[in-house]
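One structure is given below, encoded as structure tokens.
Quick note: the coordinates plus some simple rules give every number you see, no bench work behind them. From a predicted model like this one, the values you see are computed outputs, not experimental measurements. Cβ: placed from backbone, ideal geometry, glycine included. Neighbour counts: every protein chain shown.
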Amino acid sequence: MVVQWYATFECLHKEQTEVADAELTIGQKPIGHISPRLYGHFAEHLGRCCYGGLWEGVDGDPAVPNVSGFRADVIEALLDLPVPVLRWPGGCYADHYHWRNGIGAPQARPSTLGMSCGLRVSDDNGLGTHEFLRLCELIGAEPYLAGNVGTGSVQEFCDWVEYVTSSVDSGLTKERAANGRPDPWPVRLWGVGNESWDCGGRFDPVTYAHEFVRYATLARHVDPEAEFVGVGLEDEGLFEQGLDRDWNAKFLEALGPSIDLLSHLSIHRYWSHGGPETGFREDDYYALLAEAQETETTIERTARTIAAIAPTSHAIRVALDEWGVWHPEARPWGPGDVPRRTPVTYEQANTLRDALAAGIALEGFHRQCNVLSMANLAQIVNVLQAVVMTDGSSCFKTPTYHVLTMHRPHMGAEALGVAVASAMKLPSGEAAVSATASLAGGRTAVTIINRDYRRRASVSLEARAGAVAKARLLAADSADAVNTAAHPDRVAPRMVEVAMRPNGRYEVDLPAHSLATIEFAEG
Ligand code: AHR
């Protein structure tokens, strides 16, 4: 037996009683490319995400060191993640945002009413276009700017595209240079409104299609390289509330020949049926994981609608540009028989359960990598399923942050299919163990989830060409374990033992409710 890596993992769940096996068979042939854009993030001017999270301001609290006005500790954490795409400034905020308020000397910028999701706050516009694009440079993220259709105009949108991307000598590009940026920024991704079926203006799909065509036609004249993201809708919960089940089909059909302006059809998917954020019951735990699993079906349904309407000569892919868990404590609406936090801050506990749910969604993203072009977790700091939380001058990483770092080898890799034969079943009858794998430069990586709430699982997989290079486990004594400023590493990856069995297969032991990534060396 060759022991490749050791873990001293002692905090096994009290009620783990059985040992059960699952066998993984990893496909040899890639099924598609996992674009780094599937690991994107979202930063909205909402609660403490931008102000009080990312942004400190150059004259901010000296106890919180900043880089170009952004919290240095947050930047450092995000650099490590990494963040391939960052969507900004909303969300619902985008359809109230006027970009000119956020350029020029900070002291001369107006204070405006910042509005999103029912919040009305004063926004000093300190974090504007130059600052956001500087943040993207600092963390190596591709910027994705969400344009204002709800209260904006085609001219305002075209001007923003010109100000940001043009290298032609014009009043706007001179103004950009005078504001400290002579060169254009390489921004490709432009959102044309946000949730235009609701907070973005309560359009019907045909009227929105006409708006989309106007915005995208004129902005494409400014930048022929722009990729436009149109607003879609695929959410059973919203359909049950009366929103148009056929929004996507009606929107795409109404585009007619102008469908060539659309590169990505955006959908949003939040999981809201998991009961309380902490102290949840076992059935709540499974309900949240089942919702995370359903995300893949949502992507598939959207892709099927696109395939039925769009010409095969023009590729339109699905952009899941907001996704993640949204617990009842962090919203005034929707399911969850628990006291709501008032006033609402859109902040919530981020547990190991949430991180596993993210891992489940990522398995689906890999399987759907040929139709899914982008996915942005909501939101990057403090708000909803944040990867980083700030608490005064401290900052800590959530379990979801760690799940994402454990997926780093899959970013930009080729996805491999994984067949799982699991004798161990969940109460739903589904396999307790699931997995995803990828190949990059001859190196295979496998991420395995033991979804079972109570039982550990021993998982075997066939030997790969290369030896085990690294194996890490994310686990905790309880599925509702969280990190805090006082205990930042309660849930953090540790090395785990991968054994070679006499039958020539590798075996790894996963505690209840845990996730592991095994990386193999080049074979
Ligand atoms: O992420 C919070 C909100 O959720 C966004 O502003 C909106 O797009 C969605 O409804």
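Some observations on this one:
- Under a model in which nothing but the beta-carbon of Lys, Arg (+1) and Asp, Glu (-1) is charged, the stretch 180-221 shows a dipole of about 220 debye around its Cα centre.
- Note on Asp489 and Val154: with the Förster distance fixed at 51 Å, the Cβ-Cβ geometry gives a FRET efficiency of about 0.55.
- Dipole axis of the chain (+1 Lys, Arg; -1 Asp, Glu on Cβ), positive-most option in Asn179, Val446, Leu233: Val446
- Cβ-placed point charges (K, R +1; D, E -1), dipole of the stretch 79-220 about Cα centre in debye, nearest 20: 140 debye
- Only Lys, Arg (+1) and Asp, Glu (-1) charged, at Cβ; the chain dipole about Cα centre in debye: 660 debye
- Kirkwood radius for the chain, taken over all pairs of different Cα atoms as the inverse mean of 1/r, rounds to 23.7 Å.
- For the chain, calculated [θ]222 nm from helices alone, where every DSSP H run of n ≥ 4 adds -39500 (n - 2.57): -7500 deg cm²/dmol
- Fully extended contour minus Cα-Cα distance, from Glu76 to Asn503, at 0.36 nm per residue: 149.3 nm
- Along each principal axis, Cα extent of the stretch 28-185, largest first, Å: 57, 42, 34
- Pairs of Cα atoms farther than 28 Å apart, the stretch 259-401, %: 25 percent
- Taking the Cα atoms of the stretch 383-469, the ratio Rg/Rh between the radius of gyration and the Kirkwood radius comes to 1.05.
- Geometric extent, Cα atoms of the stretch 334-418 - Rg, Dmax (angstrom): 15.2, 46
- The stretch 35-411, relative contact order [Cα under 8 Å, separation at least 6], %: 19 percent
- For peptides 314-320, 371-377, sequence by mean Cβ density within 10 Å, most packed first: 371-377, 314-320
- Packing order of peptides 100-107, 477-484, highest average first: 477-484, 100-107 (average count of other Cβ atoms within 10 Å over each peptide's residues).
- Dipole of the stretch 221-273, positive direction: furthest Cα of Ser266, Trp247, His221, with charges on the beta-carbon: Trp247
- DSSP beta bridges in the chain [antiparallel fraction, %, rounded to 5]: 60 percent
- Computed over the stretch 143-239, the percent of Cα pairs more than 22 Å apart is 33.
- Residues whose amide H lies under 5 Å from that of Phe203, counting only those 5 or more places away or on a different chain, are Trp197, Asp198; hydrogens are built 1.01 Å from N in the peptide plane.
- Ala315-Ala63 FRET efficiency (beta carbon distance; Förster radius 41 Å; 0.05 resolution): 0.25
- Highest mean packing comes first when the peptides 261-271, 278-288 are listed by Cβ atoms within 10 Å, giving 261-271, 278-288.
- In a fully extended conformation the segment linking Arg202 and Arg245 would gain 14.0 nm over its present Cα-Cα distance, using 0.36 nm per residue.
- Residues of the stretch 234-268 with amide N under 18 Å of the 7 Å Cα→Cβ point at Ala308: 234-237, 239-240, 243-256, 265-267
- Estimated FRET transfer efficiency when R0 is 25 angstrom, pair Asp337-Glu430 (beta carbons, to 0.05): 0.45
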